[in-house]
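Down below is the structure, laid out as structure tokens.
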Amino acid sequence: MNKVFIRALIQQHTRLTRSHLTPEICLHLITPGCHLWKSNIDNCLFDDPFWAFYWPGGQVLTRYILDNPGLFQFKSVLDVGSGCGSAAIAAKLVGASKVVANDIDPVASVAIEMNMQMNAAAINISTTNFLAAPSGDNFDIILLGDMFYDQEFGHLINNWMKSFKQKTTVLIGDPGRLQFINHPLKTDLQRLATYDLPMSCQLENNGLTSAGVWKYN
């Protein structure tokens, strides 16, 4: 699919919404009012549209950025597994000097661009697999929102983070998924904040009520 066609599909099958933990940011998402909300995988127009949902870890990480602008001003920021791009957009809005929203899904990159334009946040977008070609230490801050959804992938991320220089700050947003709370890396994490999730997010995520932001030490 070419970019113009992807944009048209996203425009048609998502809704612009601020009904989430970060109403300062307007996002193209699949909501209960969308036809695709009840669509099964076989009938979905997109392959694994993770970018079309605002996951709990992403919501709290974005909220933390908006609540703590001084930590991000004049910093270079890499948002890995950016999805809808909310955390990257927030970092730019609060004054980060350089922001890269990274997602290997080419459809996600188009969605991020649309959300970026909607929120007047000039960020760079990359589909490079940063986990396969480590270059995270070129950034002051690395963001990981709801990335510990699979145990093997969690191990991959953990090994990747160990390659960073000490000056790189890694922030993680997670609602307490088993793959995260049982991971050995928890001993290297410092909890920075906990947020209650909106009721809509709780209902969409099997009753998860809160999520935290963690710093990797």
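Every read-out reported here was derived from the displayed coordinates using simple, explicitly stated rules and does not represent laboratory data. Just so you know, these numbers come straight off a predicted model, no measurement behind them. Glycine gets a Cβ as well: all are built from the backbone with ideal geometry, and neighbour counts include every protein chain shown.
Which part of the range 49-86 falls in the paramagnetic zone of Thr194, meaning amide N under 19 Å from the point 7 Å along Cα-to-beta-carbon? Once the point is set 7 Å along Cα→Cβ of Thr194, 56-65 turn out to lie under 19 Å by backbone N, inside the range 49-86.
Going down the table (Lys92/Lys167; Lys98/Lys186; Lys75/Lys186), which pairs top 23 Å between alpha carbons? Result: Lys98/Lys186; Lys75/Lys186 exceed 23 Å.
Peptides 153-161, 54-62, 100-108 ordered by packing proxy, namely the average of other Cβ atoms within 10 Å per residue, highest first: 54-62, 100-108, 153-161. Taking all Cα pairs closer than 8 Å and separated by 6 or more residues, the relative contact order of the range 55-216 comes to 25 percent. Highest mobility in the GNM of the chain, judged by mean-square fluctuation with C-alpha springs under 10 Å and restricted to Phe74, Phe148, Phe139, is found for Phe74. Remark on the chain: ratio of C-alpha radius of gyration to 2.2 N^0.38 Å is 0.95. Taking label positions 7 Å along the Cα-Cβ direction at both Leu178 and Cys34, the computed distance is 2.8 nm, reported to one decimal. Value of Rg to Rh for the range 49-167, rounded to two decimals, is 0.93; Kirkwood radius and Rg both from alpha-carbon coordinates.
Once both labels are positioned 7 Å from their Cα atoms along Cα-to-Cβ, the gap between Lys186 and Thr128 label points is 3.4 nm.
The distance from the alpha carbon centre of the range 118-178 to that of the range 60-93 is 12 Å, rounded to a whole number.
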